[in-house]
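K.L.:
Quick one: the structure is below, questions incoming.
Read-outs: derived from the displayed coordinates by stated rules, not from any lab. Model, not experiment: these values are computed from the prediction. Heads up, the Cβs are rebuilt from the backbone with ideal geometry, glycines too, and the neighbour counts pull from every protein chain shown.
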Amino acid sequence: MFTVLAICGMVVGAEAPVLIEWNFGRDAEGWVENNHLAEVSVAGGVLQATAVNWDPFVVGPLMEIPARPWQAIEVRLRSEVSGLAEFFWTNTTETPYGGFSPGKETGFEVVGDGAWHTYRVRPFWQAEKKIIRLRLDFPGGETRGRFAVDFIRVIEESPPPPASGEGAEGRFDFSKGPQGWQAAEGIGGLRVTAGGLTFRTEAAGARLSSPALSVDAESHPFLTLRLAATAGQVASVFFVSDGANGRHRRDFPLKADGKLHTYNLELAADSHYRGNVLVLDLVPSNAPQAEVQLESLALNAGPGGPPDLEVVYFGLDRPMPRAGRPVKLLALLRNVGGELAAGVRARWEASGLNPFPLAGGEGAGGLQPLPFGEEEALEMVRL
C-alpha cells in the first residue's frame, strides 16, 4: 500500500531518482536506536525493534545531500501502533540533541495494522541548504508495539509545471481556465465557467495545488481570494517559500452563503513567509459536499478585490436594557475588500415593524467611505 503525506503542489507519479538509501541488506547501516527501543535486530533486509518507553526513535549515520524543495523521504514501515511518526532532519551536529532541534521535523500518520505501508513525506527543507543526518521517531506514548523498517531513502521528485503569463507573477483569473492549478485531492466536478472554476469538495480537506512559482514574498505580502462556498466554517491556504523550511498554513473564517466574497490574507504576518514563494495550496472549505466557485487568486503588494462589507457586530449597545428607556441597536461594519467602500447606505427592517434608517456616517443611513480593514458603527434608536 502507498500512503502519501505532507503534500503541497506535488502529485505522486513515476519513480523518482534516489539520492541516498538504506535498505538494511546486511546490518543496520549506521542507524542507531535510543534506549526507548529494545529487541533491535536486522534479518531478511529488515530493521526491527520493539518500543519499551514513550519516545522510541532511530538516528541515521552522517551523510550529505543538497537540500532542495522537491525532495521527499520514503520509508517502508510495518507497525503494530497507529499514530504520529516524524522524520527529524538537520544540516549540523551542533545542537544539544545531536544536531536535531524542534521545528526541523515533518510528521506523518502511521497505520498500525501490522502490514507493510510505504509513506512518502515531503519536508520542504530547502532553507537548510544541505542535509547531513535523519532521525525517525516511531509512534510513541503509552502504547507499546513492534516496528519493522524495510528501507529509508531520499528521492528527487520533479516540480510541478511552472506558472506562465500573469500566473508567473502570482495572479490567476480562473475565468481563463485552471492556469496550471491541479485538483490534488477530494475535488469533483471541476469546470471552467465565465465566473471562474466551479467544483465540489468530496471530502474535508479537499484541495487545489498551484503550479510552480517564484514570486518575491517581501513585495507581495498579501494573498487575495474571490471565493464562494455553500458549506464549511474555515478555509485554508498553504505556502512554501525558499527562505524558510516547511509548509505553512493560514486558516481564515469562511462565509459559506454561496455568494462571492473577497478574502485578503496578510501572509507576511507569518515569519516563514520570506524569500520566494514556491508553491501554494488552497483548501476552499473544511466541509465535504461544499459547492465552490473560485473566481481569482492573487499575491499582491496590498489588499485587493472589490469592497466587501461584513457585519462584525449587530445587537444592543448594552446587555441589560431598562423598561421605559430607549433601546439602541448597533451595527458594526468592516470593509474586507481592497477597494474603498463608498456610497453605501443601510436600512434596518424587522417583520411587523416600520423600517427605520440607521443613524451614523454621512447622515442617517449613510456610511463614511471605508478603506480596507476600517470599521464604522451605525445605530438606530427605538423607543
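K.L.:
Over segment 2-156, consider all pairs of different Cα atoms and compute the Kirkwood hydrodynamic radius from their mean reciprocal separation; express it in Å, one decimal. Could you put the intermediate results ahead of the total?
P.N.:
Numbers: mean 1/r = 0.0639 Å⁻¹.
One over the average 1/r among Cα pairs gives 15.7 Å for segment 2-156.
K.L.:
Do any trypsin sites (Lys or Arg not before Pro) in segment 93-145 lie in a DSSP loop with no more than 10 other beta carbon atoms within 10 Å, and if so, which?
P.N.:
Numbers: sites: K104, R120, K129, K130, R133, R135, R144; in loops: K104, K129, R144.
Qualifying residues, ordered by number: K129.
K.L.:
Can you give me the distance in nm between label points at I65 and R146, each placed 7 Å from the Cα along the Cα-to-Cβ direction?
P.N.:
Output for this residue pair reads 3.0 nm.
K.L.:
Which whole-Hz ³J(HN,Hα) couplings does segment 327-336 yield from phi under the Karplus relation 6.51 cos²θ - 1.76 cosθ + 1.60, θ = phi - 60°, glycine and proline marked x?
P.N.:
My calculation for segment 327-336 gives 9, 10, 9, 10, 10, 9, 10, 9, 8, 9 Hz in order.
K.L.:
Another question about this same structure. Please build a GNM for the chain, connecting alpha carbons under 10 Å apart, and tell me which residue among A204, A72, A229 fluctuates the most.
P.N.:
Of A204, A72, A229, the most mobile in the Gaussian network model is A204.
K.L.:
Taking every pair of distinct Cα atoms and averaging 1/r, then inverting, what Kirkwood hydrodynamic radius in Å comes out for the chain? Could you put the intermediate results ahead of the total?
P.N.:
Values: mean 1/r = 0.0418 Å⁻¹.
After inverting the mean inverse Cα-Cα distance, the result is 23.9 Å.
K.L.:
To the nearest 20 debye, what is the magnitude of the charge dipole of segment 165-300 about its Cα centre, counting +1 on the Cβ of each Lys and Arg and -1 on the Cβ of each Asp and Glu?
P.N.:
280
K.L.:
Starting from the exponent 0.38 and prefactor 2.2 Å, build the expected Rg for segment 165-300 from its residue count and divide its actual Cα Rg by it. Please list the in-between numbers first.
P.N.:
Details: Rg = 13.8 Å, N = 136, 2.2 N^0.38 = 14.2 Å.
Expressed relative to 2.2 N^0.38 Å, the Cα Rg reads 0.97.
K.L.:
Got a sec to turn the phi values of segment 181-198 into Karplus ³J(HN,Hα) couplings, 6.51 cos²θ - 1.76 cosθ + 1.60 with θ = phi - 60°, whole Hz, x for Gly and Pro?
P.N.:
For segment 181-198, the Karplus-derived couplings read 6, 10, 6, 6, 6, x, 10, x, x, 5, 9, 9, 10, 5, x, x, 7, 10 Hz, x marking Gly and Pro.
K.L.:
Would you tally the net charge around S82, using a Cβ to Cβ cut-off of less than 14 Å, leaving S82 out, and scoring K and R as +1, D and E as -1? Intermediate values should be presented prior to the final figure.
P.N.:
Working: positive: R78, R144, R146; negative: E80, E109, D113, E142.
Summing Lys and Arg as +1 and Asp and Glu as -1 gives -1.
K.L.:
Of the residues A217, A49, A228, which exhibits the maximal mean-square fluctuation in a Gaussian network model of the chain defined by a 10 Å Cα contact cut-off?
P.N.:
A49
K.L.:
Under a Cβ-Cβ cut-off of 14 Å, what is the net charge of the residues other than I20 that fall near it, where Lys and Arg count +1 and Asp and Glu count -1?
P.N.:
Numbers: positive: R68, K130, R133, R153; negative: E21, E29, E64, E74, E156.
For residues surrounding I20, the net value is -1.
K.L.:
So if each residue of separation counts as 0.36 nm, and I subtract the Cα-Cα distance between E202 and E21, what length gain in nm does that give? Before the final figure, lay out the partial values.
P.N.:
On the way: separation 181, 0.36 × 181 = 65.16 nm, distance 3.66 nm.
Net length gain for the segment: 61.5 nm.
K.L.:
Where is the GNM fluctuation largest for the chain (alpha-carbon springs, 10 angstrom cutoff): G145, G305, G167?
P.N.:
Of the options given, G145 has the highest mean-square fluctuation.
K.L.:
Also, quick follow-up: Under the Karplus relation 6.51 cos²θ - 1.76 cosθ + 1.60, θ = phi - 60°, what is the ordered set of whole-Hz ³J(HN,Hα) values for segment 22-29, x standing for Gly and Pro?
P.N.:
So the J values, rounded to whole Hz, are 10, 10, 6, x, 10, 7, 6, 6.
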